């Protein structure tokens, strides 16, 4: 895996985390930047600068055997678009410059889909189906973006059409493109074989992903039918989660012999967050809980971070640790544990405060200060991981296996 490209992705992630930290500090002191504008910058850099480009790097590394120079050029053009959004969103929000860079990123993503579809090679039907499905969901998600312009001009930003277009994009980015691409790499590394069990898992994955879009749509266009669609989708998603565990369970012992226990523990953490995400969506079967989530922003942010930081980033970190880019030193352990500890503390705080709001108990003492202090751990953890990768010399490649054997005992 390319060290240079991975470092760029992690730097993007660090900048997004620092933006998130500034957003948390805005409730403690003055940051001198428009909160809503900075929120747009934070989300775009996290999604498109970290997750998208890290998946770009992983897909090219694992599924493009004959590395074409065009992929490297496309990466840097896409990074240019990310930097443009990084610099424009905090100062103008959605305006001409930021929208231009966002549009450039979308066209880059279309070209990426075309190139991967043309040049990818894998002998496994499992990874082939998952990879192509992830790419299709990526393209599908952008339809929501193209609807934003007509929605604003015809009905305005407060309209249900505008809000549903945003939810359409976010849902299929997170649950379609990001999550399924992560599973594709995960199943590739675990060498999951094509079987009847996989076919059932794959069908349930697609159907549940489509049906669960009904929940965010229901928030803005309430209808009983949408509630039943989402309910059916969440039940299918639960069965899909069970099949997911059944598919990977036999592989863990084999992988354990080749990898550090630390990597396996991180995989288990990611899988636990995945199960928690499915469990949270199951609670939406109760209409009252669905309304609680929608009306309490803390719970919404907590769920988004559970998916982004717990599930997707958890797996991405696992893939990085499984490569030869890192060395098993204190900086690696400190970085990963600090990040996970910060994630758990902030998630707990968001959940507790969300429930306190629901029961009318008001604000936790020093809530915003604690949330800011706990959030410091996230960019701090990323910094330690970056330091480990940057300082890892060529010798890491030769010493990697001996490090794994050492830390397995």
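The values are calculated or read from the model by the stated rules, or taken from the named source; none is laboratory data. All values reported here derive from a predicted model rather than from experimental measurement. FYI the Cβ positions are ideal-geometry reconstructions off the backbone, even for glycines, and counts take in every protein chain you see.
Within the range 14-42, the only residue that satisfies the criterion of being part of a helix (DSSP H, G or I) and out of contact with any helix residue (DSSP H, G or I) (no Cβ under 8 Å at 6 or more places or on another chain) is 36.
The residue that is nearest to residue 285 (Cα to Cα), among those in the range 199-254 that are assigned to a loop (DSSP other than H, G, I, E, B) and touching a residue at least 24 places away in the same chain (Cβ under 8 Å), is 212. Count of the range 125-137 residues, restricted to those that are surrounded by fewer than 17 Cβ atoms within 10 Å (Cβ to Cβ) and either touching a strand residue (DSSP E or B) at 6+ places or on another chain (Cβ under 7 Å) or farther than 20 Å from residue 68 by Cβ (or both), is 1.
Each residue in the range 46-67 was checked for being more than 17 Å from residue 177 (Cβ to Cβ) and in contact with a helix residue (DSSP H, G or I) (Cβ under 6 Å, 6 or more places away or on another chain), and 1 pass. In the range 89-97, is there at least one residue being assigned by TED's automatic domain parsing to the domain that holds residue 1, part of a helix (DSSP H, G or I), under 21 Å from the mean Cα position of the chain (by Cα) and buried (at least 16 other Cβ atoms within 10 Å of the Cβ)? Checked against the condition, which is being assigned by TED's automatic domain parsing to the domain that holds residue 1, part of a helix (DSSP H, G or I), under 21 Å from the mean Cα position of the chain (by Cα) and buried (at least 16 other Cβ atoms within 10 Å of the Cβ), the range 89-97 yields at least one hit.
Annotation note: of 207, 245, the sole residue that is closer than 17 Å to residue 137 by Cα and surrounded by fewer than 18 Cβ atoms within 10 Å (Cβ to Cβ) is 207. Are any of the residues in the range 35-54 within 22 Å of residue 175 (Cβ to Cβ), under 15 Å from the mean Cα position of the chain (by Cα) and without any contact (Cβ under 8 Å) to a residue 40 or more places away in the chain? Within the range 35-54, one or more residues are within 22 Å of residue 175 (Cβ to Cβ), under 15 Å from the mean Cα position of the chain (by Cα) and without any contact (Cβ under 8 Å) to a residue 40 or more places away in the chain. Residue count for the range 257-286, restricted to those that are closer than 21 Å to residue 239 by Cα, in a helix (DSSP H, G or I) and at pLDDT below 85: 3.
Determine if the range 69-82 includes at least one residue that is outside the structural domain of residue 305 (by TED's automatic domain parsing), at pLDDT below 95, surrounded by fewer than 19 Cβ atoms within 10 Å (Cβ to Cβ) and assigned to a loop (DSSP other than H, G, I, E, B). So far as the range 69-82 goes, no, none of its residues is outside the structural domain of residue 305 (by TED's automatic domain parsing), at pLDDT below 95, surrounded by fewer than 19 Cβ atoms within 10 Å (Cβ to Cβ) and assigned to a loop (DSSP other than H, G, I, E, B). Any idea which of 100, 109 is crowded, with 21+ Cβ neighbours inside 10 Å, at negative phi and in contact with a helix residue (DSSP H, G or I) (Cβ under 9 Å, 6 or more places away or on another chain)? After ruling out the rest, the residue left standing is 109.
Regarding residue 161, is this residue modelled with pLDDT of 85 or more and within 30 Å of residue 270 (Cα to Cα)? For residue 161, the condition - modelled with pLDDT of 85 or more and within 30 Å of residue 270 (Cα to Cα) - is not met.
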